[in-house]
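Taking it in order: structure first as structure tokens, then the write-up.
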């Protein structure tokens with residue numbers, strides 16, 4: 001069973017969280033394992049794994065609050081939320097906001 005964008009939007013609206021899905025190239029799977037991160041194969045791209053993070057309001061604004069969207073990209077977000085080495089392998093980041101909005105970097 002796959003999780004659709006609609007399902008993810010409903011989940012974050014109900015929970016009041018910011019759900020962040022980070023797609024990472026499968027070539028760095030051993031590094032992701034070494035960091036102890038849970039992941040699954042990305043639904044849309046078989047060459048990617050997906051790491052899911054759930055942030056509270058305080059965690060979200062602590063990470064992104066002072067940043068302007070024009071300086072953000074998928075690599076920078078991967079470096080901030082995971083680590084600098086993994087950030088180099090990030091190809092896409094999708095943020096589901098409690099408002100129902102979606103922000104995507106790829």
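Taken together, the values in this text are just the output of simple stated rules run on the coordinates, not laboratory data. All values derive from a computational prediction rather than experimental measurement. Using ideal geometry, Cβ is built from the backbone for each residue, glycine included, and neighbour counts are taken over all protein chains shown.
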Before rounding to the nearest 500, sum -39500 (n - 2.57) across all DSSP H runs of length at least 4 in the chain and divide by the residue total; then give [θ] at 222 nm in deg cm²/dmol. -9000 deg cm²/dmol
Modelling each spin label as a point 7 Å along the Cα-to-Cβ direction, I'd like the residue 27/residue 14 distance in nm, to one decimal. 3.9
Given labels modelled 7 Å from the Cα in the Cβ direction, how far is it in nm from residue 73 to residue 54? 3.2
For the chain, what does the alpha-carbon gyration tensor say about shape, rounded, prolate or oblate, given a ≥ b ≥ c as the root eigenvalues, a/c under 1.5 as rounded, and a/b over b/c as prolate? oblate
Label zone at residue 46 (point 7 Å along Cα-to-Cβ), backbone N below 18 Å, region 13-34: 24-29
Could you rank the peptides 71-80, 30-39 by their average count of other C-beta atoms within 10 Å per residue, with the highest value first? 71-80, 30-39
What order do you get for 49-56, 18-25, 90-97 when each peptide is scored by the mean count of other beta carbon atoms within 10 Å, highest first? 18-25, 90-97, 49-56
If you stretched the chain out fully between residue 83 and residue 35, how much longer would it get, using 0.36 nm times the residue separation minus the C-alpha to C-alpha distance? 16.4 nm
